[in-house]
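**Student:** Quick one: structure below, then a few questions.
The values are calculated or read from the model by the stated rules, or taken from the named source; none is laboratory data. Bear in mind the structure is a predicted one, so any value in this text is a computation, not a measurement. Counting neighbours? That spans all protein chains shown, and the Cβs are built from the backbone with ideal geometry, glycine included. Just so you know, the surface numbers come from the protein's heavy atoms only, side chains and all, with ligands and any DNA or RNA stripped out. Shrake-Rupley method; radii C 1.70, N 1.55, O 1.52, S 1.80 Å.
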Amino acid sequence: MTNALPRDRAEQILADHAAGMSVREIAAAYGHSITTVRTYVKGLRMPGEPAARPDDFAPFVAYCRRRLADDPHLRTPALLAELSCLGLGNSRATLYRAMERHGIQTHPCPECHPASMSGYSPLAANRTPQPAPLPVPAAPVAGETLASFLSRLAALNRTSREALLDILPPWFRVKTRWHDDRWQPPSLIARADDAAARLAVISGSGAAAIKNALPAFGGKSGQPVRAVTACRLCTAARRISQPVLVHLPAHLQVCLAHGIWLSGPGTPQISVSGCPDILSAERQARRLRRRCTIEQLINARLCPPATQDDREWKRRITALIASNPRQATESGTQALLQAAAYPEAIAAAYVGPRKPAQSNLR
């Protein structure tokens, strides 16, 4: 990288060159490198223009956008840990500046109340009375959000979630206010076992099953996840009629049991069972997971394929539109496009997930 010169020195170099001096003579006269002088003489940099600095964060921009779109509750320290697995080395403050420079909003969920902004009241020291079991039991779905499970439990017993929070310890009100299941401050971790036991009593489930299924109690923490609606056919088999919000490992895109594309909350699910190559791509992605991290697999999928067969892509689009209700395809356009392009994305990742070289933002 060439050095930036003061405006008056750069203008003098241009004047000397216009008067007939060679680049080598100017460099010797002023003590600058030939490369620096040539940069100004050829007009690659104007006098007074600061030296361009390489953007070390650029290779990670697409990954950040994808992860925050898949998981709006992803906290910046967790995102920084994922980026570190991809080779980015920097402090949290530097990451904030880099994301702001690229217009990336941290923690984009509008309904969340991050602890650093909202704070919370200390949990009551005295123990609340043991609640009684509810008339209709319910079992949690693996990865289900706490808000989703409480809402289902309330609906089955013809009551409200607020009424359930009144009979449960204050731990639950704090967790639901933050709307971020996977953030585990020490003051809440210490009371998680008691909270799980209370929820197990009223729901009719075992405490171990509650803790293993619900990320709010700290189970399966650390791995990248994405917020999706659980497969509607899987939940229907368990006689669950309403959508169930879950956190799944971030690399999973398809329910292989029913051929359902797992889209984000509020997006209609589409069936991809009519496209065997999409199902094959999902199986291949799960095999890839054995030789690379989830972060590397996601990052490799974001790299555009060297060649793309538009005919195959259009064929899948046509098949997906024909095999799904019109309302689902019209309101889930983004999911439709992602599903159609999925085989090429996995094929590109299969070439070899590339781990970016270690870099430090300046």
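**Student:** Cα axis of helix 92-101 to longest principal axis of the chain: angle in degrees, 0 to 90, nearest 10?
**Tutor:** Computed tilt is about 70 degrees.
**Student:** Grab the beta carbon distance between Arg283 and Asp55, set R0 = 30 Å, and tell me the FRET efficiency rounded to 0.05.
**Tutor:** Approximately 0.25, to the nearest 0.05.
**Student:** Quote the accessible area belonging to Trp313 in square angstrom, nearest 10, computed with a 1.4 Å probe and with ligands, DNA and RNA left uncounted.
**Tutor:** 70
**Student:** Antiparallel DSSP bridges in the chain: what percent, to the nearest 5?
**Tutor:** Once the DSSP bridges in the chain are tallied, antiparallel ones form about 85 percent.
**Student:** Another question, then. For the chain, what is the calculated [θ] at 222 nm in deg cm²/dmol (nearest 500), taking -39500 (n - 2.57) for each run of four or more DSSP H residues and dividing by its residue count?
**Tutor:** Value at 222 nm, helices only: -14000 deg cm²/dmol.
**Student:** Let me ask another. For Gln223 and Thr318, compute 0.36 nm times the residue count separating them, minus their Cα-Cα distance, and round to one decimal in nm.
**Tutor:** Using 0.36 nm per residue and subtracting the Cα-Cα distance, I get 30.7 nm.
**Student:** Measure off 7 Å from each Cα along the Cα-to-Cβ vector at Cys303 and Arg66, then give the distance between these two points in nanometres to one decimal.
**Tutor:** 1.1
**Student:** Further, regarding this structure: Return one number: the angle in degrees, 0 to 90 and rounded to the nearest 10, between the long axis of the Cα atoms of helix 192-203 and the longest principal axis of the Cα atoms of the chain.
**Tutor:** Helix 192-203 and the main axis of the chain meet at about 40 degrees.
**Student:** Region 232-280 to region 174-224: how many Å between their Cα centroids?
**Tutor:** Comparing the Cα centres of region 232-280 and region 174-224, I get a distance of 24 Å.
**Student:** So, one more: For Val136 and Glu162, FRET efficiency with R0 = 25 Å and r from the beta-carbon atoms, rounded to 0.05?
**Tutor:** Details: r = 18 Å, r/R0 = 0.72.
After rounding to 0.05, the efficiency reads 0.90.
**Student:** Same structure again: Using a Förster distance of 35 angstrom, determine the FRET efficiency expected from the C-beta separation of Arg291 and Arg177, and round it to 0.05.
**Tutor:** Between Arg291 and Arg177 the formula returns 0.30.
**Student:** Which residues in region 221-256 place their backbone N less than 12 Å from a point set 7 Å from the Cα of Gln338 along the Cα-to-Cβ direction?
**Tutor:** Residues 226-229, 248, 250-254 qualify, since their backbone N sits under 12 Å from the label point.
**Student:** Is region 173-233 rounded, prolate or oblate when judged by the Cα gyration tensor, a ≥ b ≥ c being the square roots of its eigenvalues, rounded requiring a/c under 1.5 and prolate requiring a/b larger than b/c?
**Tutor:** oblate
**Student:** For Leu44 and Arg326, calculate 0.36 nm times their separation in residues minus their Cα-Cα distance, and state this gained length in nm to one decimal. Write out the running numbers ahead of the final one.
**Tutor:** Working: separation 282, 0.36 × 282 = 101.52 nm, distance 5.38 nm.
My answer for the length gained is 96.1 nm.
**Student:** What is the helix-to-structure angle for 146-156, meaning the angle in degrees between its Cα long axis and the longest Cα principal axis of the chain, kept from 0 to 90 and rounded to the nearest 10?
**Tutor:** The two axes meet at around 30 degrees.
**Student:** As a test question: what accessible area, to the nearest 10 Å², does Arg173 have when a 1.4 Å probe is rolled over all protein chains in place?
**Tutor:** Accessible surface of Arg173 is approximately 90 Å².
**Student:** In square angstrom, what is the accessible area per residue of the chain with a 1.4 angstrom probe?
**Tutor:** For the chain, the solvent-accessible area averages 51 Å² per residue.
**Student:** Mind checking the full-extension length gain between Cys234 and Asn212? Use 0.36 nm per residue of separation minus the Cα-Cα distance, one decimal, nm.
**Tutor:** Contour length minus Cα-Cα distance gives 6.1 nm.
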